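Visitor: Please see the structure below; I have some questions.
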2 protein chains.
Amino acid sequence: MALRHAVLAALLDGEYSGYQLAKAFDIGVANFWYALPQQLYAELTKLEKDGLVAGRQVVQETRPNKRLFHVTDAGRAELESFAAAASKPSFIRDDLLVKVQAADRIGTGPVIGQLEERACAADAKIELLGALLRQLRGEADEEDFLLRGERIGPYLTCLRGLAFEREHRDWCRRIAAVLRERQKINADG
Amino acid sequence: MALRHAVLAALLDGEYSGYQLAKAFDIGVANFWYALPQQLYAELTKLEKDGLVAGRQVVQETRPNKRLFHVTDAGRAELESFAAAASKPSFIRDDLLVKVQAADRIGTGPVIGQLEERACAADAKIELLGALLRQLRGEADEEDFLLRGERIGPYLTCLRGLAFEREHRDWCRRIAAVLRERQKINADG
DNA sequence: ACTGACTACTCACTTTTTTGAGTACCGACG
DNA sequence: CGTCGGTACTCAAAAAAGTGAGTAGTCAGT
């Protein structure tokens, strides 16, 4: 069980509908998990059945009704025991790395293109995360916020996301440059 | 299909048995994919059925016989079209990040412990990857090897792995320090 | 002689993740 | 008046990943 705990952790910040959760998973939460809306709805249904979250119907006039969920005491307990249990080691699982591994044995052209696209996507995400961090810490400077802020969990995971995206971008650009340089050498030689 | 291409890419370096592949997945390949031996055996069977790899039986005296696999032309073509297709965006998917997200709402003790364990594990992996990189590039210095080495794919993915582990270690140590500091402040105040 | 580790794999199963296709109603734009 | 984008969700199914248990022989150490 995995998405389960990501949903619970995301729901700690307040009440969310499945739809809102899906939005959140597109930005902040996406630093540590990713899921399509359908998965979130399914997971919320299961969590409710297991009593870890509770939902209430909100009737809306001009829009479809929605269900807002919050974590129950049982849900909080579940998170506690999850946090106490050992974590699986983390690793990158990325199509693009597989392609780079094979790059010098197959065509490098498309791979270079994708590395550059990725670098640009990372740039965009870096800006997004930077804005999110500024918003989360408000007026305070980072050091102060980290020591005295009340809700730092999302801030800490965003920091990880930011570092990851920066590394990823730099690596993509470096590798793209190397592969281009090698193309040139091979063309000349 | 995913593990499929990781296996094909790993097999580009020569002939491997399922068992050897499982070893490789524990170190180098683990930078971009991870799988248990059972999964690899199953994947090799499927790849052979689809004609993307071919195996030959090697009879051994003092050990069980083994089957060595290599990528076929069809397999190489499959990798080409995989490389040409769009990649899914990469992201971290890590239990520990979920725990940190929730850390200030649940007990921080176990999370701090796990952050420190992770940092140590990352240290070990950093050394391992460093050794692997030195071995791969041999006598040459890095810049030279990257431009003129013949097989740089695995080197490039190891570089990514190394950067990832360094970032991960630093983040773990920093977050552990922050959470400890906050514990102290709460105990005092 | 027993134990534990290493090579080399297989089978059966469950869980998790991903994908695709719908439903339905509102409001804005042209 | 039609269609596009946003809110809010559901159902069904396939694919991928992960888990547990087992087989069977070799070799080194106690």
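The values are calculated or read from the model by the stated rules, or taken from the named source; none is laboratory data. This structure is a prediction, so every number in the text was calculated from the model and none was measured. Note that each Cβ is placed from the backbone with ideal geometry, even for glycine, and that neighbours are counted across all protein chains shown.
Visitor: Would you call A:Leu36 at pLDDT 90 or above and touching a Gly at 6+ places or on another chain (Cβ under 9 Å)?
Guide: No: the conditions fail for A:Leu36.
Visitor: Mind listing whichever residues of segment A:1-40 are aromatic (Phe, Trp, Tyr) and facing chain B (nearest Cβ under 10 Å)?
Guide: Matches in segment A:1-40: A:Phe32, A:Trp33, A:Tyr34.
Visitor: Another question, if that's okay. For residues that are within 17 Å of A:Asp94 (Cα to Cα) and not hydroxyl-bearing (Ser, Thr, Tyr), tally how many sit in segment B:54-91.
Guide: 10
Visitor: Next question. So A:Asp104 clears everything in (1) surrounded by 15 or more Cβ atoms within 10 Å (Cβ to Cβ); (2) under 25 Å from the mean Cα position of the chain (by Cα); (3) acidic (Asp, Glu) except one condition, right? Which one?
Guide: (2)
Visitor: Listed residues B:Glu142, B:Glu165; which is within 17 Å of the chain's Cα centre (by Cα) and surrounded by 13 or more Cβ atoms within 10 Å (Cβ to Cβ)?
Guide: Result of the check over B:Glu142, B:Glu165: B:Glu165.
Visitor: Can you find, within segment A:12-48, the residue that is farthest from A:Leu159 (Cα to Cα) among those that are touching a residue at least 12 places away in the same chain (Cβ under 8 Å) and among the aromatic types (Phe, Trp, Tyr)?
Guide: Among residues in segment A:12-48 that are touching a residue at least 12 places away in the same chain (Cβ under 8 Å) and among the aromatic types (Phe, Trp, Tyr), the one farthest from A:Leu159 (Cα to Cα) is A:Tyr41.
Visitor: Residue check, B:Pro154 against (1) of a type outside the set (A, V, I, L, M, F, W, C); (2) touching a Gly at 6+ places or on another chain (Cβ under 7 Å); (3) at pLDDT 95 or above, all met but one. Which one?
Guide: Result: B:Pro154 passes all but (3).
Visitor: Here are the criteria: (1) surrounded by 12 or more Cβ atoms within 10 Å (Cβ to Cβ); (2) at the interface with chain B (Cβ under 10 Å from one of its Cβ atoms); (3) of a type outside the set (Asp, Glu). Tell me which single one A:Leu52 does not satisfy.
Guide: Of (1) surrounded by 12 or more Cβ atoms within 10 Å (Cβ to Cβ); (2) at the interface with chain B (Cβ under 10 Å from one of its Cβ atoms); (3) of a type outside the set (Asp, Glu), only one is false for A:Leu52: (2).
Visitor: Still on this structure, I have one more. Does B:Arg93 qualify as being within 30 Å of A:Ala163 (Cα to Cα), among the charged types (D, E, K, R) and within 16 Å of DNA strand D (Cβ to nearest atom)?
Guide: yes
Visitor: Looking at A:Arg137, A:Arg118, A:Arg160, can you tell me which residue is surrounded by 14 or more Cβ atoms within 10 Å (Cβ to Cβ) and more than 10 Å from every other protein chain (Cβ to nearest Cβ)?
Guide: Going through A:Arg137, A:Arg118, A:Arg160 in turn, just one is surrounded by 14 or more Cβ atoms within 10 Å (Cβ to Cβ) and more than 10 Å from every other protein chain (Cβ to nearest Cβ): A:Arg137.
Visitor: Continuing with the same structure: Can you tell me which residue in segment A:140-157 is farthest from the other protein chains (Cβ to nearest Cβ), limited to those that are among the acidic types (Asp, Glu) and farther than 19 Å from B:Glu167 by Cβ?
Guide: Top of the filtered list is A:Asp141.
Visitor: Next up: Only residues that are of a type outside the set (Asp, Glu), more than 8 Å from chain A (Cβ to nearest Cβ) and part of a helix (DSSP H, G or I): list them for segment B:176-189, please.
Guide: B:Ala176, B:Ala177, B:Leu179, B:Arg180, B:Gln183, B:Lys184, B:Asn186, B:Ala187
Visitor: When segment B:83-101 is examined, which residues are found to be surrounded by 15 or more Cβ atoms within 10 Å (Cβ to Cβ) and either more than 7 Å from chain A (Cβ to nearest Cβ) or of a type in the set (S, T, N, Q) (or both)?
Guide: B:Ser87, B:Ser90, B:Gln101, listed by residue number.
Visitor: Just to be sure, is A:Glu78 buried (at least 19 other Cβ atoms within 10 Å of the Cβ), within 13 Å of chain B (Cβ to nearest Cβ) and in a helix (DSSP H, G or I)?
Guide: So A:Glu78 passes the test.
Visitor: When you scan segment A:62-75, do you find a residue that is surrounded by 14 or more Cβ atoms within 10 Å (Cβ to Cβ) and either free of Cβ contacts under 8 Å to residues at least 12 places away in the same chain or of a type in the set (Phe, Trp, Tyr) (or both), even just one?
Guide: Checked segment A:62-75: at least one residue is surrounded by 14 or more Cβ atoms within 10 Å (Cβ to Cβ) and either free of Cβ contacts under 8 Å to residues at least 12 places away in the same chain or of a type in the set (Phe, Trp, Tyr) (or both).
Visitor: Another one. Please verify whether A:Val7 is within 12 Å of DNA strand D (Cβ to nearest atom) and either in the same structural domain as A:Ala124 (by TED's automatic domain parsing) or of a type in the set (Val, Ile, Thr) (or both), treating the condition exactly as stated.
Guide: no
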